[in-house]
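Input: a single structure, listed below in structure tokens.
No lab work stands behind these numbers, since they all come straight from the coordinates. All of these numbers come straight from a predicted model, not from anything done at the bench. Cβ: placed from backbone, ideal geometry, glycine included. Neighbour counts: every protein chain shown.
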Amino acid sequence: MATHETNDIEVLSTNQCWELLRESPVGRLAVVVDGSPDIFPVNPVVDHGTIVFRTTAGTKLAAAKGRDVAFEVDGYDAGTAQAWSVVVKGRAYEVWEVDEILRALRLPLFPWQPGHKPRFVRIETASVTGRRFVVEGGFTSPKSHQDASNERHDRPTSV
């Protein structure tokens, strides 16, 4: 299968990637489980250049802790018909030390899935990469068209 590069892809700066990571309420944790890749949705928080999320004992925690993982967030801006993706690669650690647990408890981490999530996992970042591109034939919201139309009508016209 051949791949091709296009000049329409914007490589995001590290700062842009972290900004998008901070704004994303949900992401996906990629791990290896029993020799096969698996992906788990998590709702993370950025904390001093790391990604932190809550979980409970189970497959996700067992597959992540002490291992290399990938974490991804993405989105689509209907106003500009642009998609973006940010990928973090690093090593995941379960938070064990008391002062670290107390610090993690102060983070705004609120799991979406019901149930007790007493464990914290921190991804120590090795790399952060991201890109943004216009989706060919992409959907733009009617509101964004109305906003653009209003802007054109609000501008003075020359005679």
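Over what distance in Å are the Cα centres of segment 9-68 and segment 122-141 separated?
14
Points 7 angstrom from Cα along the Cβ direction at T129 and L107: gap in nanometres?
In this crude label model, T129 to L107 measures out at 2.4 nm.
Quick one: if you stick a label point 7 Å off each Cα along the C-beta vector at T14 and T59, how many nm between them?
Placing both labels 7 Å beyond Cα along the Cβ direction yields 3.5 nm.
Please list, in order along segment 88-95, the HN-Hα scalar couplings obtained from phi with the Karplus expression 6.51 cos²θ - 1.76 cosθ + 1.60 (θ = phi - 60°), rounded to whole Hz, x for Gly and Pro.
Karplus values, whole Hz, x for Gly and Pro: 10, 10, x, 10, 9, 10, 7, 7.
Please list, in chain and number order, the residues 5+ apart from G79 or on another chain whose amide H is under 5 Å from its amide H, with Hs placed from the backbone.
S141
Karplus couplings for segment 14-19 from phi (6.51 cos²θ - 1.76 cosθ + 1.60, θ = phi - 60°), rounded to Hz, Gly and Pro as x?
Karplus-based 3J(HN,Hα) across segment 14-19 equals 4, 4, 5, 4, 5, 4 Hz.
Based on the inverse mean of 1/r over its pairs of different Cα atoms, what is the Kirkwood hydrodynamic radius of segment 9-154, in Å? Don't skip to the answer; put the middle values down first.
Working: mean 1/r = 0.0595 Å⁻¹.
Computed over segment 9-154, the radius equals 16.8 Å.
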